[in-house]
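Notes follow the structure.
Just so it is clear, none of the values below were taken in a lab; they were calculated from the coordinates. The structure presented is a predicted model; accordingly, all values stated were derived computationally and were not measured. Because the Cβ atoms are built from the backbone with ideal geometry, glycine has one as well, and the counts that use them run over all protein chains shown.
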Amino acid sequence: MLRTEEMLLNVGPQHPSTHGVFRLVLKIDGETIKEAKPVIGYLHRGTEKLAEDLQYTQIIPYTDRMDYVSAMTNNYVICHAVETMMGIEIPERAEYLRVMAMELGRVSSHLLWWGTFVLDLGATSPLLYAFREREMILNLLNELSGARLTFNYMRVGGVKWDAPEGWVDKVREFIPHMREQVKGYHDLVTGNEIFLNRVKGIGKYTKEDALNYSLSGPNLRCTGMKWDLRKNEPYSIYDRFDFDIPTREEGDVLSRYHVRFAEIEESLKILEQCVEQFPEEGPVIAKVPKIIKAPKGEAFVRIESPRGEIGCYIASDGKKEPYRLKFRRPSFYNLQILPKLLEGESISNLIAILGAVDIILGEVDG
Amino acid sequence: MIQDLLHSQPGILNFGIFFVLALVLLLVILGFVTYAILAERKVMGFMQLRYGPNQVGGPWGLLQTVADVLKLLLKEDTIPKLADRPLFILAPVIAFAPSFVVIATIPFTDKLQFADIGVGLLYYIAISGLTTIGVVMAGWSSNNKYALLGGMRAAAQMISYEIPLVMSVLGVILLTGSMNLNEIVAAQENVWYILIQPIGFLVFFIASVAELNRIPFDLPEAENELIAGYFVEYSGFRWAFFMLAEYVYMFAMASLTTVLFLGGWLPIFSFLDFIPGAVWFALKFSLVVFILLWFRSTFPRIKADQLMEFGWKVLLPVALANIFLTAIIKELLSLF
């Protein structure tokens, strides 16, 4: 007798579109997903536990390896947490360098997301265009920190090195170039009918869902929630800059795409203002004790990374190592909604929905 | 020339000549496949800010594909333990053999054609449909879930695109009054069918890209979704056979497009007829191939359900309307 049966399909841990070692156990009926169960932890390195045996400065390189696409924001969050506990005043020049590094990182992170997301949908060329500009940013950050991905650039109290001569001018030249390229990206992909058909109206959720699932970043803003920590709880010197929080109302994959592109534009705006206001001279690191000891107590800080709210909680008993360290890793939280979104979707949509969440497995697994 | 041979008395000499000619054609096709792959990588490279192959065989990577094929031949041939062995071994052959068989009917010039049969076009479409069986077989016998999904997608896609493909060429057949490819070319003496049958051409071209399983219709092998689709378990020369079939079909389909819509070996303007027909054919054919390569580096992949919808709800009605329109216009013109 003819009959159909459900099939159990393992997507990942090795799969071209899971962006790392992420595994999804799917129950499928034909190509329709009945149930999806994410399995994570393949890249778990125990950063938080390791940090308990490390001095605060030693923790910074570990944060580089969490969200390895935008390491500057991770650098910042740990330094910011310690500085908050110790009450350190950061020199002007260091703040500007930090903000510039973070915003460049945000642009490069969104570029990488764009390239790989569109690659998942089957278009091969945009990835290479995205990498062309990302390469320029990586070169800029390389000149600043001496590394292309794992920067280890920020320190408690400031940054490790001052910018090399002419670096700020290079950033100034980069901004109009990037604006020009973003237009090109839109011409290449955004209007494409096939692309629109694949992303419009799929992976939809409401503002309430987004809040209930604790989503943040573009995944939250695509539902119309105007929430960006750079504006709502300004840290560093973000209150000095004039920029918008891009939002969309639809809450589908396409809206996330648009939010990320609009964020690139806003980051460029911030960079432009940074370059204008950049102080001529001054120290790049505050006077901090040789051995950094956070005072007894606890602190939680959160900032806006390209993927959402990244938080850092430190409990200190006054030693040079933290008693307990905890990161709120946005990719991990954003991934929670995935099983709900995938129910009833097809395999093709799975790729688009997963891609639009923008996960970095280093961050998911911690 | 070949026609004369076909009609002559069978003999050792005739057989010998025919055999040598077939061998030459085989080599030409294999040469095309070799350099089509290189061209694809080069063209995509240029479009994607890369160099493409540039190490093996000089700065143009002229021997890159040769080296790749050698590597494939030397690779260990793995067959999954739980695979359906006979089917698994048979599948690449069934997928690949028809791709060569269809080429026999393509008239490359007015003299160079291997089998001038009355229903050449029908023959092409019928034989090329066999490849689907090989693909589904591969998907089923691999005992791999991704392969199965790919095989099923291939079956659905190829069947639903075969129909608009056939329907789209009916307009051409109506105008020519023949299914013979030679006569179709001869009928384009004054004006190419791409100009009289633009709708038919569009439907034909889209359906042919879908038949070729190329982006944006490469669902059966959708790398980012199904890893490699129906041939995910294949390696070595069996895998090479699938690839070979794919590129030979590209050769065949580009030739067919040239014959049906671009006037085959005929020159663009009649005063340019001092240039041999073979050159014209090669030029037009290369243009079609280039467009296929161009597609690949430009478009994202369409979704499975949208693909079916597009085939049945858009292409097929448009193709039918085209037939209707062609018939009416032809009838009206014959009145005056």
Q.
Under 37 °C and 0.692 mPa s, how fast does chain B diffuse according to Stokes-Einstein, given a Kirkwood radius computed over C-alpha pairs? Answer in µm²/s, whole number.
A. 155
Q. Summing +1 for each Lys or Arg and -1 for each Asp or Glu, what net charge is found among the other residues whose Cβ lies under 11 Å from the Cβ of B:L266?
A. -2
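Shape of segment A:118-183 from its Cα gyration tensor (a ≥ b ≥ c, root eigenvalues): rounded if a/c is under 1.5, otherwise prolate when a/b > b/c, or oblate?
Values: a/c = 3.23, a/b = 1.73, b/c = 1.87.
Note, shape of segment A:118-183 comes out oblate.
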Q) How large are Rg and Dmax for segment A:51-193 when only the alpha carbon atoms are used, in Å? A) 16.8, 54
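I want to verify the translational diffusion coefficient of chain A in µm²/s; compute it with Stokes-Einstein, Rh as the Kirkwood radius over Cα pairs, at 37 °C and 0.692 mPa s. Numbers along the way, then the final one.
Details: Rh = 21.2 Å.
The diffusion coefficient I find is 155 µm²/s.
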Q: Name the aspartates and glutamates eligible as straight-distance cross-link partners of B:K75: C-alpha to C-alpha under 18 Å, and not fewer than 8 places from it in the same chain.
A: B:E233
Q: Give me the compactness ratio for the protein assembly as shown, meaning the Cα radius of gyration over 2.2 N^0.38 Å.
A: 1.14
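Rank the residues B:F271, B:F285 as a footprinting-exposure proxy: fewest other Cβ atoms within 10 Å of their Cβ go first. Working shown, then result.
Values: B:F271 7, B:F285 22.
Listing B:F271, B:F285 from fewest to most nearby Cβ atoms yields B:F271, B:F285.
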(Q) Suppose a student asked you for the relative contact order of segment B:101-177, using Cα pairs under 8 Å spaced at least 6 residues apart; what percent would you report? (A) 20
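Take peptide B:43-50, look around each residue's Cβ out to 10 angstrom, count Cβ atoms belonging to other protein chains, and average those counts.
Details: counts 0, 3, 1, 0, 4, 8, 5, 1.
For this peptide, the per-residue mean of nearby foreign Cβ atoms is 3.
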Q) Extent of segment B:236-325 along each principal axis, from alpha carbon coordinates, in Å, largest to smallest? A) 50, 49, 23
Q: Show the residues, 5+ positions off or on another chain, whose built amide H is closer than 5 Å to the amide H of B:N143.
A: B:D84
(Q) How large is the convex hull of the C-alpha atoms of segment A:308-358 per residue, in Å³? (A) 79
**Q.** Of A:H80, A:L104, A:T18, farthest towards positive along the dipole that unit charges on Lys, Arg, Asp, Glu beta carbons give segment A:16-111
**A.** A:T18
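Would you tally the net charge around B:G61, using a Cβ to Cβ cut-off of less than 15 Å, leaving B:G61 out, and scoring K and R as +1, D and E as -1? Present the calculation step by step, with values, prior to reporting the outcome.
Working: positive: B:R41, B:K42, B:R50, B:K71; negative: B:E40, B:D68.
Residues near B:G61 contribute +2 overall.
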Q: Determine the calculated [θ] at 222 nm for chain A from helices alone, applying -39500 (n - 2.57) to every DSSP H run no shorter than 4 residues and normalising by the residue count; nearest 500 deg cm²/dmol.
A: -14500 deg cm²/dmol
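Cβ under 9 Å from A:Y205's Cβ, A:Y205 left aside: what net charge do those residues give with Lys, Arg +1 and Asp, Glu -1? Numbers along the way, then the final one.
Numbers: positive: A:K204, A:K207, A:K340; negative: A:E208, A:D209, A:D252.
With Lys, Arg at +1 and Asp, Glu at -1, the neighbours total 0.
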Q) Rounded if a/c is under 1.5, else prolate if a/b beats b/c, else oblate: with a ≥ b ≥ c from the C-alpha gyration tensor eigenvalues square-rooted, which is segment B:183-333? A) oblate
Q) Under the definition of partner shielding as Cβ atoms of other protein chains within 10 Å of a residue Cβ, what is the mean value for peptide B:220-230? A) 5
Q.
Considering just Cα atoms, how many Å³ per residue does the convex hull of segment B:151-232 enclose?
A. 96
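Does segment A:1-106 classify as rounded, prolate or oblate by the C-alpha gyration tensor (a ≥ b ≥ c root eigenvalues; a/c under 1.5 gives rounded; else a/b over b/c gives prolate, otherwise oblate)? Could the numbers behind the result be given before it?
Numbers: a/c = 4.23, a/b = 2.73, b/c = 1.55.
Prolate shape, in that a/c is at least 1.5 and a/b is the bigger ratio.
Rounded to the nearest 0.05, what FRET efficiency is calculated for B:K313 and A:L188 with R0 set to 22 Å and r the Cβ-Cβ distance? The partial results should precede the final answer.
Working: r = 28 Å, r/R0 = 1.27.
About 0.20, to the nearest 0.05.
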Q) Could you give the nm distance between label points at B:I12 and A:D209, where each point is 7 Å from its Cα heading toward the beta carbon? A) 7.9
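Assigning unit charges at the beta carbon (Lys, Arg +1; Asp, Glu -1) and nothing else, what dipole magnitude in debye, to the nearest 20, does chain B show about its Cα centre?
Numbers: 18 positive and 22 negative charges, 136 e Å.
Its charge dipole is roughly 660 debye.
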(Q) Order A:188-200, A:290-302, B:222-234 from most to least packed using the mean count of other Cβ atoms within 10 Å. (A) B:222-234, A:188-200, A:290-302
Q. Straight-line reach from A:K200: which aspartates and glutamates have Cα under 13 Å away, leaving out those fewer than 8 places along the same chain?
A. A:E249, A:E250, A:D252
(Q) Suppose R0 equals 56 Å. What FRET efficiency, 1/(1 + (r/R0)^6) with r the Cβ-Cβ distance, do B:F269 and B:A97 give to the nearest 0.05? (A) 0.90
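Peptide A:343-354: average number of partner chain Cβ atoms within 10 Å per residue?
Numbers: counts 0, 0, 0, 4, 8, 13, 4, 1, 6, 4, 0, 0.
Per residue, the number of nearby Cβ atoms from other chains is 3 on average.
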(Q) On the Cα set of segment B:1-124, report Rg and Dmax in Å, please. (A) 19.5, 57
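I need the peptides A:161-169, B:74-82, B:27-35, A:333-341 ranked by packing, meaning the mean over residues of other C-beta atoms within 10 angstrom, with the highest value on top. Before the final figure, lay out each step's value.
Values: A:161-169: 13.6, B:74-82: 11.2, B:27-35: 15.3, A:333-341: 19.2.
So the order, starting with the most tightly packed, is A:333-341, B:27-35, A:161-169, B:74-82.
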Q) Can you give the alpha-carbon Rg of segment B:104-241 over 2.2 N^0.38 Å, where N counts its residues? A) 1.22
Q: Bin all alpha-carbon pair distances of segment B:221-275 at 5 Å intervals from 0 and give each bin's fraction as a whole percent.
A: 5, 16, 14, 15, 12, 9, 9, 7, 6, 6, 1
Q: Report the full-extension gain for the segment B:A22 to B:A321: residue separation times 0.36 nm, less the Cα-Cα distance, to one decimal in nm.
A: 103.6 nm
Q: List, in order, the whole-Hz ³J(HN,Hα) value for each residue of segment B:251-262 obtained from phi through the Karplus relation with A = 6.51, B = -1.76, C = 1.60 and θ = phi - 60°; use x for Gly and Pro.
A: 4, 5, 5, 5, 5, 5, 4, 4, 5, 6, 10, 10
**Q.** Protection proxy ranking, peptides A:63-75, B:36-48, A:214-226, average beta carbon neighbours within 10 Å, highest first
**A.** A:63-75, A:214-226, B:36-48
**Q.** Restraint check, A:K27/A:K49; A:K296/A:K326; A:K226/A:K340; A:K37/A:K231, Cα-Cα greater than 25 Å
**A.** A:K27/A:K49; A:K37/A:K231
Q | B:I329-B:L287 FRET efficiency (beta carbon distance; Förster radius 35 Å; 0.05 resolution) | A | 0.80
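Counting alpha carbon pairs within less than 8 Å and at least 6 residues apart, what relative contact order, in whole percent, applies to chain B?
Computed over chain B, the figure is 22 percent.
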(Q) Can you tell me, using C-alpha contacts under 8 Å and at least 6 residues apart, the relative contact order of segment A:239-319 as a whole percent? (A) 21
